Amino acid sequence: MTSFPQSPKLQRGSLIAIDQSSGDRTEIQFQYNPDTLTRRLTPQIVTNNFDKKEALRLKGPPQETISLEMEIDATDQVDKGDSTATSLGIHPTLAALELLIYPKSSDIDGSEKLAANGVIEITPFDAPLVLFVWGKKRSLPVRVSSFSITEEAFDPDLNPFHAKVSLELTVLTYFDLNYDSQGASLFFTHHKNKEKLAQQMSNVTTNGG
């Protein structure tokens, strides 16, 4: 087999969850990069129909959603003798994905104990900051809007060994997050990178003619 030492290293997309209190990071790297990525952008226009000056004004960056389908498979790990994959299949990876939209069990337990002692805690639970990383030019704070999981190839203990996961992500901007937060800073960098990339178009006309 011919090897290519000069071949560029494959960039794998991933989701990174950052705990807002501890700063701990959990990376869920895509085992296989999705073949397609669907992005939908909706401009945030000013909606005052009575003022014609507002027709060309924006309230902020567009609302963006990202849809993709990822595949998870334990076959390679099992072939390499990975004991976790052999005994649990892809349960650990699915659990890590699902925990992106779960509050921490310790927070739930603490809230229930406070309630039992007559202290009413109504503060919503913190979710992790989730980053969608897709190559060097795209690292975005997102909220997992929804995902569906189709599990396949079960072992005798009904552990799934293959799954297709359809993810829908909502991009969070510097208007959705505290402006001095890590997530807002990442989106602002993303915004400036778009402006730089647009300037690389060879056929851009800048003088109106």
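Structure values in brief
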quantity: Top positive-direction residue, dipole computed over the chain with Cβ charges, set 186, 146, 158; calculated: 186
quantity: Cα pair distances in the range 14-189, grouped into 5 Å bins until the bin that holds the longest one, percent each; calculated: 1, 7, 13, 15, 15, 14, 12, 9, 7, 4, 2, 1, 1, 0
quantity: Ascending count of other beta-carbon atoms within 10 Å, so fewest first, for 107, 79, 73; calculated: 79, 107, 73
quantity: Exposure proxy order (Cβ contacts within 10 Å, fewest to most) of 123, 26, 38, 173; calculated: 123, 38, 26, 173
quantity: MRE, 222 nm, helices only [DSSP H, n ≥ 4, -39500 (n - 2.57), over the chain, to nearest 500]; calculated: -6500 deg cm²/dmol
quantity: Label-point gap, in nm, between residue 162 and residue 137 - each point 7 angstrom along Cα→Cβ; calculated: 3.4 nm
quantity: Stretchable slack from residue 14 to residue 79, in nm (0.36 nm times residue separation minus alpha-carbon distance); calculated: 21.0 nm
quantity: For 18, 90, 101, order by how many other beta-carbon atoms lie within 10 Å, fewest first; calculated: 101, 18, 90
quantity: Nitroxide proxy distance, nm - points 7 Å out along Cα→Cβ at residue 95 and residue 63; calculated: 3.6 nm
quantity: For the range 12-113: rounded, prolate or oblate by the Cα gyration tensor [a/c cutoff 1.5]; calculated: oblate
quantity: Cut-off under 5 Å, modelled amide H: who pairs with residue 145 long-range; calculated: 168, 169, 170
quantity: Stretch gain in nm, segment residue 194-residue 44, where the contour uses 0.36 nm per residue and the Cα spacing is subtracted; calculated: 52.3 nm
quantity: Nonlocal Lys pairs with alpha-carbon distance under 28 Å, the chain (8 or more apart, or different chains); calculated: 24
quantity: Rough spin-label spacing in nm, given labels placed 7 Å along Cα→Cβ, for residue 55 and residue 182; calculated: 4.5 nm
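Here, each number is a calculation from the coordinates, and none is a lab measurement. Note that the coordinates shown come from a computational prediction; the quantities given were computed from them, not determined experimentally. Here Cβ is always computed from backbone atoms with ideal geometry, including for glycine, and neighbour counts include all displayed protein chains.
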